[in-house]
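The next block holds one structure in the form of structure tokens; read it before the comments.
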């Protein structure tokens, strides 16, 4: 029986990573896409409860893929996709390929992970996939099919998702795949806020600035990425 695959993301339905993931996923079954109409990064696991959700057919540039743009969050996309779009229920949800890592403490903000976690609430297997920012996709393109083959039918456990990060390096520098990576307690960017303007009422206008960091614990997703490995691990839902 052919798998029913639902794909979403948080970068929006026009994102290049979404198209690349849908193209790869066609080898594994019937593909539906329900993705946000606009950029929804850092929306975490938020849902739309007090406003309608608009769903529109979308002329997706990957042949054979049925697609819809959604006014809601990535988690909304999974709920709408699994309840109203995919006949019956998806066998698996793929979320990504996100533009920017979803590893370490950044996972708590990630709408890529949030969408996958919503799938786990719906008792659907889910894989979140991310890569570094930039235009070099050599590692992702080389390892994506292998990662999907390994994980698409593999159950991560109740209330758990697979979390995959492809390192932002050339293929020649990639050292392979590391599975069983734990979630680092570190962070890629150590943030602080700069005052950029004083406001008339005595307030202040602030802008976040992050300082890049590569200090990470051994055995973690963060360490694997920094060392040039594809990181595969399990993230647990908070329940």
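We did not get these values from a lab; they are worked out from the coordinates using the rules stated. None of the values given here were measured: they were computed from a predicted structure. Positions of Cβ are backbone-derived with ideal geometry, glycine not excepted, and every protein chain shown enters the neighbour counts.
Computed from the alpha carbon atoms alone, the convex hull of the stretch 119-239 holds 157 Å³ per residue.
Taking one quarter of the surface of the convex hull spanned by the alpha-carbon atoms of the chain gives a direction-averaged projected area of 14.7 nm². Annotation: the antiparallel percentage among DSSP beta bridges lying fully within the stretch 1-112 is about 20. Looking only at the chain, where both bridge partners belong to it, what percent of the DSSP beta bridges are antiparallel (to the nearest 5)? Around 40 percent of the beta bridges assigned by DSSP in the chain are antiparallel ones. For the stretch 3-87, the direction-averaged projected area of the alpha-carbon convex hull comes to 5.2 nm².
Potential lengthening of the chain between residue 207 and residue 3 amounts to 68.9 nm, from the contour at 0.36 nm per residue minus the alpha-carbon distance.
Take the convex hull of the alpha carbons in the stretch 1-50; its mean projected area over all directions comes to 4.4 nm². Converting the Cα gyration tensor eigenvalues of the stretch 66-183 into ellipsoid dimensions via √(5λ) gives semi-axes, longest first, of 25, 15, 14 Å.
Any chance you could check the Cα centroid distance between the stretch 2-23 and the stretch 71-105 for me, in angstrom? So the separation of the two Cα centres works out to 9 Å.
The distance from the alpha carbon centre of the stretch 168-226 to that of the stretch 119-148 is 19 Å, rounded to a whole number. In percent, rounded to a whole number, the relative contact order of the chain is 18, using alpha-carbon pairs under 8 Å and six or more apart.
Ranking of 230, 80, 208, 85 by neighbouring Cβ atoms within 10 Å, starting from the fewest: 208, 85, 80, 230. Derived value for the stretch 176-228: Kirkwood hydrodynamic radius 13.5 Å. Basis is the mean of 1/r over every pair of different alpha-carbon atoms.
In terms of surrounding Cβ atoms within a 10 Å radius of their Cβ, 41, 172 rank from fewest to most as 172, 41.
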